[in-house]
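What follows is a short report on a single structure.
The values are calculated or read from the model by the stated rules, or taken from the named source; none is laboratory data. What you see is a predicted model; the values in this text were computed from it and never measured. In this analysis, Cβ positions are derived from the backbone assuming ideal geometry, glycine residues included, and neighbour counts consider all displayed protein chains.
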Amino acid sequence: MTDMTPLLRERLERVRTGVASAASEAGRSASEITTIVVTKFHPAQLIRDLHSLGVRDFGENRHQEASEKANELSDLDLTWHFVGQIQGKKFRQVASYADVVHALDRIRLVDALGEWPGTLECFVQVNLTNDEARGGVRPDELLPLVEKVVEHPSLDLKGVMAVAPLGEEPRRAFARLRGYSDAVRQVVPHATSISAGMTQDYVEAIAEGATHLRIGTAITGKRPGTV
Ligand SMILES: *Cc1c(COP(=O)(O)O)cnc(C)c1O
């Protein structure tokens, strides 16, 4: 418990209420939705506080920072979600602490992670924009990538992941993602999860079937050093 705890409890409660009402609006059960709290740029203590409030799923997007926090918090029962791009040769290191990887988007990365001796849950990231630099596999390359993932017994494919594009109605973009999810399930029937929805658009993501929300600022507050 720290001075932050009451404020975090209040924000967490607000998001839980928002998730519950969006789920009920969509005719879904909130119990099928996992809220991952994205804690990038925040200190490890914030994760301890959130843990004391019952949060177990945490997301980070930068390897160096994530590995330091995972080390520092190894006494807690946490599920670590790596939600960022995995750079170059960092995949082994990421796999050493991450339980779930959300941004598999290229065959080389799949092959590299597939060598991991343990099991790694993963999502394939789909690019919902026309900008190749945004990360994620192009929709027309999604199924070949998925077929590559299932060749590796160490990779447990949970489903698809995406970030809503700027300048497009998020609900429309998430509707496309739901279509890609359906296509993936034709190939891998158990890959039913959809990782989508952030602070600004989680209601729309829930309306389009998201099962894993990645929420930062609505719970943690502004990232240190940002306005
Ligand atoms: C930072 C981040 C989030 C959370 O963003 P908020 O807008 O703070 O909720 C979600 N997904 C990814 C991939 C991120 O990098």
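Taken over the range 200-210, the residue count meeting the criterion of being near the ligand (Cβ under 9 Å from one of its atoms) and in a loop (DSSP other than H, G, I, E, B) is 2. Name the residues in the range 150-181 that are among the small types (Gly, Ala, Ser) and either within 16 Å of ASP99 (Cα to Cα) or in contact with a helix residue (DSSP H, G or I) (Cβ under 6 Å, 6 or more places away or on another chain) (or both), would you? Correct list: SER154, GLY159, ALA162, ALA164.
What's the total number of residues in the range 211-227 that are within 20 Å of GLU13 (Cβ to Cβ), more than 8 Å from the ligand (Cβ to nearest atom) and part of a loop (DSSP other than H, G, I, E, B)? So the answer is 2.
Checking the condition modelled with pLDDT of 95 or more, more than 22 Å from HIS102 (Cβ to Cβ), of a type outside the set (Asp, Glu) and exposed (fewer than 15 other Cβ atoms within 10 Å of the Cβ), which residue from SER52, SER31 passes?
Working: SER31 fails: more than 22 Å from HIS102 (Cβ to Cβ).
Unique residue meeting the criteria: SER52.
Only strands (runs of 3 or more DSSP E) whose full extent lies in the range 35-119 are considered here, and the ones with at least 1 residues that are small (Gly, Ala, Ser) are 57-60, 100-104.
Got at least one residue in the range 129-145 being closer than 28 Å to HIS51 by Cα, within 16 Å of the ligand (Cβ to nearest atom), touching a helix residue (DSSP H, G or I) at 6+ places or on another chain (Cβ under 6 Å) and of a type in the set (A, V, I, L, M, F, W, C)? No, the conditions are met nowhere in the range 129-145.
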